[in-house]
Amino acid sequence: MIKKLAPFIGQYRKYVFLTPVFILIDVLAELSMPLLMSRIVDIGISTRDVNFIVRIGIYMVLLALVGIISGTIFMRLSVVGSMGFGANLRDALFTKVQEFSFTNIDRFSTASLVTRLTNDVNNLQMTFMMALRMLFRSPLMLIIAFILAYNINAELSIVLGIALPVLAIGVGLILRTATRRFAIVQERIDAINSTLQENLIGQRVVKAFVRADYEAGKFQKDNDALTQAFIAAVSIAILNFPLMMLVMNSATLVILWQGGHMVFGNTLGAGELISFISYVTQILFSIMMVSFVFVMSARAKASGERVLEVLETTIDVTDAADLPAEALRPHVTRGKVEFRDVAFKYSRTDTGDDILKDITFTIQPGEVVGVIGGTGTGKSTLVNLIPRLYDVTEGAVLVDDIDVRDYALEDLRAGIGMVLQQNTLFSGTIRENLMWGRDDATQADLETAARDAQAHNFIMSFPDGYDTQLGQGGVNLSGGQKQRLTIARAMVKNPKILILDDSTSAVDSATEAHIRESFYHNLAQTTVFIIAQRLSSVREADKIIVLDDGKIVGMGDHRTLLATNAIYQEINQSQQEGVLAQ
Amino acid sequence: MTEARNNTRKPTLPAGGGQPQAGPGRGPGGGPGGFRGSFQKPKNARKVIARLLGYLRRRSLLILFVLFLMLVSTGSSLAGNYFLKPLINDYILPGNFSGLLRALAILGVIYLVGTVATYGQQRIMVQVAQRTTNTMRRDLFAKMQSLPLRYFDSHTHGELMSRYTNDVDTLQMALEQSLVQLISSSVTFVGAATMMIVLSPTLSLVTGTVIGVMVLVMRGLTGRIRENFLAQQRNLGVVNGYIEEMVEGLKVVKVFNHERPAIAGFKERNETYRVAATDANFYASVMFPVMGNLNNISYAAAAMVGGLLSVVGRFDIGSLAAFLQYARQVGFPIQQTANQFNAVMSALAGAERVFEVMDEPSEVDEGQVVIVGTTKHADGSIEVNRNGSRPTHWAWQVPQPDGTVEYVELRGDVLLHNVTFGYEPGQVVLHDVSLYAKPGQKIAFVGSTGAGKTTITNLLNRFYEIQEGSITFDGIDIRQIRKDCLRNSIGIVLQDTHLFTGTVMDNIRYGRLDATDEECIQAAVSANAHSFIRRLPQGYQTIITGDGANLSQGQRQLLAIARTAVSDPPVMILDEATSSIDTRTERLIELGMDALMKDRTVFVIAHRLSTVRNSNAIIVIEGGQIIERGDHDDLLLQHGRYYQLYTGQFELN
């Protein structure tokens, strides 16, 4: 995982490489302190050399200043490096997500993608920051302090040889158990969160059925389970500290005993003894720091996995590798659409039934095509194959007699306007939203499209007209207005093929009829696909494709179908009596 | 996006303890350095603390014991450091080794006591913190269930979820660690300072000066940190919002070839955030080397001046060694307190937000009238069931002013009289609405979205309180009926159905908890849900997760109908489906709904012609007022709004 994530350090590499240099200076400055202090005690005081004491004292202060400077620098370096890493990672993730095909998008929920780009990346960058500091500082500290301690007195260092492994093994064992138990805590947290969320979403149901007490009982079970798991985990984790104190204090006692003899025997200075204890403390403390980094990385590991999952997602709809040079690439010029023996399932490995099968038809440029059928019969899937939002499993889709896979995705989609069922608008003005269709569209272009989509009038009814600010997702518009805007947005594109996926469901029949009229007059050169629930929406189409269970069960104009097609007749009948108003 | 983010909370391993007081000569500088980037303050700290104490009171003995242990551990660490003086002066330098052994034994005991006390204190605080937050979560949940729907309308799910997760968690962390540390830091500071003065007032003056500088630096830095973290937070919000919008609309981005502008827009915002995050984290981190090395300067000054004093014979090596330990110990709390103080403050702010929810007014329920099971005799008289058997009929038990009770048969007679209502003060959603439904009648509401159809049904079971007018149920004002009884007598099927984690059977039984398996299956059969349930992998024992994500929308709706069917209420409210469900399932749902409507008073928000046509009365609502009423034929003849709706000339959404 580290290997995969490391490249994202990118241009901040120099900060990351320089960090250990200043950490080394910082550690050296810091570790010199006890040594210098011991010289004051052992040499300065015993020889009563005032100048010596002052000189060493000044050295110490200077070293502390060096420590401040080097510390500040390495903190800065590590922060710039790690925050830069985070920013690069976020950029890469965002770019990757933008490349996602519809299949890829369907696999992740929006909430989960947002979490990966925010919380998970933040987790990783903070861990990286900590690791950058601790993983260099602590081992350096440990090694140099050990060398210094050894230099003071090799014999006393044996104590360290025992204390060090004891502490390391102890901490390791504690960490292992604690990590396992914290994993359980995480599960319980997930459980409690989902109970909570369910209660919030279904609050009306809980109230309508008077189930507050029942729900409280369920919640308390989760709550107690969480508390238990927490206590079990934390109780182990807090053993770390007493363990370290025990080891450190025992070591100190032994050193004081052994060292005391040496001081009396004049083979060790009293100051040296004190500084030796300082080093022991620092060495043992370093181990704790390293363990801290391990704890953090364990948490970051999950984040790393989630981030990598996005980064390593295979984009299944991409430009062909052998695409010709840009000038030679095909463009959509007429709007002819042909399906040849198309079969489709969302996943090739899926053993289930095809979503679409045996689909073959040809639509001439400028024709208006209705697609009709029940939910789940594959209507949306069918039209999604035209702009290659999904790739066919078998057969081929051709636009202007060229396989859609032989276009550059960008060129293909530039020629196709599409209004999705999920008609998202973006925060910004109405104008900005319409300009998504074509970024060089003039006001006149926008107005033409808006008129065709029956949106111009209501846009002008707003005080700011085309400059009206839309909230996120167009919250301040009605459903019908939103749909008309999304239709206009697609029309601004001036596409050769226009696809409307059930996008007039909230528009009243009269307005819808006006929109349809524009298909025949102003957009006579455009091939139009209309998916609809209402038969009235497709009645006048040149061709109507009737889908049932992924297969074409009828194709023709309204009159022919009504006369010959049983399923079409059935739909027609049910709508005559069934629908008041949708 | 009201959905709460995945796990806003993460369990945190308390790393390394971070207690400064124990063990001699903890190395200065460069601590683990996690600065918690939250700068929240409670609005009224005193009040919050008082209330928190209420929660802690039931564990006051434990807490007193913790405080005692804290004093012991802090005391032992102070004492352990002081011990260096006699150790060096009296035993090591003169070579008194039997004395040294004795002294070391005592020191060992002091260390041990300190260690045990520290562990004990942490262990108990874990219990206290966990039990306390458990109780708080329980109370919060119970409170949440009692809140009126109005509250849920004006607060996002994320907001409420974060009370349980972020706020309760911060509090838990603070209780587990920061609170005791904050106190023990202060005690350590005072203790170490006192010991230093005892050892050498002159030397203390030197160290004191450096400590003064530390405090000043600390102050300056804290301000900077706060400022920068706020800026970081703001920029993070911008980045998150952008990600959310662009990911949400990703399919549109693709269809419009808009990837490049989207990426460019992101890069710009991401860079701004990077700069802000860099500054914020820098100021937070730089505190550690700066404070650590300032502490080193105080250490150096003490060593130098102490050395000089020793040369002139006014100090000794043992005292110097002890003093140097204290010099280190005294600086540590200064670094730590800022962090701990912040943690405690944001915990208090979190607790305050939790208490705010707890202080929200609950649903008003002053109803005295309750439902009782009855048996109806052949002569029409009713008798109250007292033996607990499932009754055939129900009655309202109405207390009379003279202390007696009167029984009124539950028939399902509903009357709205001049009802005026608005969700917000000043806003009128329903204006002067009057209507009645006789037992067994079917009333259909028709009108555009936002006209007030759902609102009327919301008022019937008192999801919201009406501002003017009255609603009566069998002649009793619904405000006099206890809410649970009222709601139990009204079944409701919402258009967007919600299911709960559990088996299919559990979800049907939700309608009546004491229903047997057979009754649940019977309900499923009558609701037309049986056939699809049987085809599920585990039939009625299939586990439903994530609000029924493993079922289709139509199947969820069928289950919801079965759930209401099993509760068998005298009055029903149905919100018919408008969403695009395939025709087969739609047909099943219709049949299920029709079965449910039989022999009951039904209010239905109608979208289907067949429902409307068969209703006893159709009520056309527009702009919160009843504009037309009558049966199908009447209304068509009127050539009014109903006629327009019917012929599809009017936009409904």
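The values are calculated or read from the model by the stated rules, or taken from the named source; none is laboratory data. None of these values were measured; they are calculated from a predicted model. All Cβ positions, glycine included, derive from the backbone under ideal geometry; neighbour counts span all protein chains shown. With ligands, DNA and RNA removed, areas are computed over all heavy atoms of the protein, side chains included. Shrake-Rupley method; radii C 1.70, N 1.55, O 1.52, S 1.80 Å.
Structural remarks
- Number of the condition not met by B:GLY265 [criteria: (1) at pLDDT 90 or above; (2) at the interface with another protein chain (Cβ under 10 Å from one of its Cβ atoms); (3) open to solvent by 30 Å² or more (accessible area, probe 1.4 Å); (4) closer than 30 Å to A:THR103 by Cβ]: (3)
- Of the strands (runs of 3 or more DSSP E) lying entirely inside the stretch A:345-438, the ones with 1 or more residues being in contact (Cβ under 8 Å) with a residue 12 or more places away in the chain and small (Gly, Ala, Ser) are found at A:368-372, A:394-399, A:416-419.
- Search result, residues across the stretch A:246-282 that are in contact (Cβ under 8 Å) with a residue 40 or more places away in the chain, among the small types (Gly, Ala, Ser) and crowded, with 21+ Cβ neighbours inside 10 Å: A:ALA251, A:GLY259, A:GLY269, A:ALA270, A:GLY271, A:SER275, A:SER278
- Residue in the stretch A:229-243 that is more than 8 Å from every other protein chain (Cβ to nearest Cβ) and closer than 18 Å to A:SER194 by Cα present: yes
- Which numbered condition A:LYS336 misses (of (1) at positive phi; (2) among the charged types (D, E, K, R); (3) crowded, with 19+ Cβ neighbours inside 10 Å): (1)
- Restricting A:LEU156, A:LEU243 to those that are touching a Phe, Trp or Tyr at 6+ places or on another chain (Cβ under 8 Å) and buried (at least 17 other Cβ atoms within 10 Å of the Cβ) reduces the list to A:LEU156.
- Residue within the stretch A:466-477 that is surrounded by 15 or more Cβ atoms within 10 Å (Cβ to Cβ), within 19 Å of A:PHE519 (Cα to Cα) and either touching a residue at least 40 places away in the same chain (Cβ under 8 Å) or among the β-branched types (Val, Ile, Thr) (or both) present: no
- In the stretch B:53-111, residue farthest from the other protein chains (Cβ to nearest Cβ) [restricted to those that are in a loop (DSSP other than H, G, I, E, B) and in contact (Cβ under 8 Å) with a residue 24 or more places away in the chain]: B:ARG59
- Test: residue in the stretch A:78-88 that is in the same structural domain as A:ILE287 (by TED's automatic domain parsing), assigned to a helix (DSSP H, G or I) and surrounded by fewer than 19 Cβ atoms within 10 Å (Cβ to Cβ): no
- Annotation: of all residues in the stretch B:274-292 being over 17 Å from A:GLY67 (Cα atoms) and at the interface with chain A (Cβ under 7 Å from one of its Cβ atoms), the one that is most open to solvent (accessible area, probe 1.4 Å) is B:ARG274.
- Filtered residues of the stretch B:114-141 (kept if without any contact (Cβ under 8 Å) to a residue 60 or more places away in the chain and either surrounded by fewer than 17 Cβ atoms within 10 Å (Cβ to Cβ) or in contact with a Cys (Cβ under 8 Å, 6 or more places away or on another chain) (or both)): B:ARG138
- The residues in the stretch A:512-542 that are open to solvent by 20 Å² or more (accessible area, probe 1.4 Å), out of contact with any Gly (no Cβ under 7 Å at 6 or more places or on another chain) and not aliphatic (A, V, I, L, M) can be counted, and the count is 12.
- Residues that are within 8 Å of chain B (Cβ to nearest Cβ) and among the aromatic types (Phe, Trp, Tyr) within the stretch A:20-67 are absent altogether.
- Identification of helices (runs of 4 or more DSSP H) wholly contained in the stretch A:93-174 with 3 or more residues that are within 8 Å of another protein chain (Cβ to nearest Cβ), touching a residue at least 12 places away in the same chain (Cβ under 8 Å) and closer than 30 Å to A:TYR279 by Cα yields A:121-152.
- Test for A:VAL185: is it touching a Lys or Arg at 6+ places or on another chain (Cβ under 6 Å) and either open to solvent by 30 Å² or more (accessible area, probe 1.4 Å) or within 11 Å of chain B (Cβ to nearest Cβ) (or both): no
- B:ILE243 being surrounded by 18 or more Cβ atoms within 10 Å (Cβ to Cβ), part of a helix (DSSP H, G or I), among the β-branched types (Val, Ile, Thr) and within 7 Å of chain A (Cβ to nearest Cβ): yes
- Against the numbered list (1) part of a helix (DSSP H, G or I); (2) under 23 Å from A:ILE531 (Cβ atoms); (3) within 32 Å of the chain's Cα centre (by Cα), A:ALA449 comes up short only at (3).
- Whether a residue is surrounded by fewer than 24 Cβ atoms within 10 Å (Cβ to Cβ), within 22 Å of A:THR267 (Cα to Cα), in the same structural domain as A:GLY271 (by TED's automatic domain parsing) and in contact (Cβ under 8 Å) with a residue 24 or more places away in the chain was assessed, and A:ASP42 passes this test.
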